[in-house]
1. Taking only pairs six or more apart or across chains, which ones have beta-carbon atoms under 7 Å, a first residue in the range 69-91 that is in contact (Cβ under 8 Å) with a residue 12 or more places away in the chain, and a second residue that is of a type in the set (Gly, Ala, Ser) and surrounded by 15 or more Cβ atoms within 10 Å (Cβ to Cβ)?
2. Would you check which residues across the range 15-35 are out of contact with any helix residue (DSSP H, G or I) (no Cβ under 8 Å at 6 or more places or on another chain) and in a helix (DSSP H, G or I) and list them?
3. Only one of these is modelled with pLDDT of 95 or more and under 18 Å from Thr95 (Cβ atoms): Leu45, Leu9, Leu75. Name it.
4. Go through the range 44-59 and report how many residues are surrounded by 11 or more Cβ atoms within 10 Å (Cβ to Cβ) and not hydrophobic (A, V, I, L, M, F, W, C).
5. Restricting to the range 56-72, what's the tally of residues that are out of contact with any Asp or Glu (no Cβ under 9 Å at 6 or more places or on another chain) and either among the hydrophobic types (A, V, I, L, M, F, W, C) or not in a helix (DSSP H, G or I) (or both)?
Amino acid sequence: MDATLEKALQTVLTNWEKMKKSHEDDAADDADQFETSFYRWMEKLREWFDQLEHKPATLDEALRLPDVEEMTDLLPIELMLNFETELELIVEGQTRMEDERYD
């Protein structure tokens, strides 16, 4: 897997675990930190995708890319829908507006 993507994904996974274990006082901050790391990872994914010589035309094709398969193998099932939604936007060349992101 691309080193930049791997580092960003590891940050997401760390923040996910932190958020799952957070106490009431820290829950909002931990959730914000997770969300920020998730979208930074998506930005890195978009940059990586844009540099591919042969870009997949569909979400299914994108999910079969070796680097993407490595990522999805590490990703908690609870995050798969969000990941697939964002990946589909990347494949379609669309960009999510800041205020349309998940809360």
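The values are calculated or read from the model by the stated rules, or taken from the named source; none is laboratory data. Remember, predicted model here, so these are calculated numbers, not experimental data. A quick note on method: Cβ atoms are made from the backbone with ideal geometry, for glycine too, and the neighbour counts reach across all protein chains shown.
1. What qualifies is Leu87/Ala62; Val91/Ala62.
2. If the condition is that a residue be out of contact with any helix residue (DSSP H, G or I) (no Cβ under 8 Å at 6 or more places or on another chain) and in a helix (DSSP H, G or I), then Glu17, Lys20, Lys21, Ala28, Asp29, Asp32, Glu35 are the ones that fit.
3. Leu45
4. 6
5. 5
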